[in-house]
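Before any comments, here is the structure.
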Amino acid sequence: MILFILGIIAILGIVAIVENNYIFSFGDKERLDKGWNAYESKDYGFAISQFSTVDHNKHPEVILPLADSYLEINEVYNAIKYLEPAYSSKSNHKDLSKITNMLGIAYIRNKDYKKARVMLLESERLGNENSKENLQILDSLEQAQKK
């Protein structure tokens with residue numbers, strides 16, 4: 001009888017681990033909370049460490065703060081690495097105008113002005129008000145490059 005009870009307790013414990021995934025991944029909820037707190041406190045390195053380990057298919061809302069954190073610490077390549085797939089899977093993101101705007105900014109910082117213009121124009125078309133100012137910055141940079 002005791003073995004039967006221990007067996008049930010063990011099975012319930014395994015089910016809890018699998019459902020919450022706490023032991024192997026510390027749980028997305030905990031990482032999300034820590035990531036958002038770090039991001040809001042401008043602790044971008046810690047925000048990156050938390051957001052990059054979250055399941056992005058289940059939590060696509062972390063792509064923007066993750067990419068922004070990379071931009072804040074001047075790791076443009078990593079920002080683009082997360083933004084390009086987010087842009088490609090447009091249907092999964094309600095923030096497409098923000099994604100295209102941030103991708104445009106990342107391309108500007110990467111000196112890929114052609115891609116930047118495409119993204120910023122799309123962002124403007126989608127109604128992102130920040131895109132106009134970013135397009136003006138891009139125009140200035142392109143004019144300075146021609147001189």
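The set of residues in region 99-128 being surrounded by fewer than 21 Cβ atoms within 10 Å (Cβ to Cβ) and either outside any helix (DSSP H, G or I) or basic (Lys, Arg) (or both) consists of 109, 110, 111, 112, 114, 115, 117, 125, 126, 127.
May I ask you to verify whether residue 81 is open to solvent by 70 Å² or more (accessible area, probe 1.4 Å) and not in a helix (DSSP H, G or I)?
On the way: open to solvent by 70 Å² or more (accessible area, probe 1.4 Å): yes; not in a helix (DSSP H, G or I): no.
Judged against the criteria, residue 81 is not a match.
Determine whether region 68-75 contains at least one residue that is more than 14 Å from the chain's Cα centre (by Cα), acidic (Asp, Glu) and surrounded by 14 or more Cβ atoms within 10 Å (Cβ to Cβ). For region 68-75, residues more than 14 Å from the chain's Cα centre (by Cα), acidic (Asp, Glu) and surrounded by 14 or more Cβ atoms within 10 Å (Cβ to Cβ): absent.
The values are calculated or read from the model by the stated rules, or taken from the named source; none is laboratory data. Note that the structure is a prediction, hence the values are computed from the model and not measured. With ideal geometry, Cβ positions are generated from the backbone for all residues, glycine too; neighbour counts draw on all protein chains shown. Surface accessibility is based on the protein's heavy atoms, side chains included, excluding ligands, DNA and RNA. Shrake-Rupley method; radii C 1.70, N 1.55, O 1.52, S 1.80 Å.
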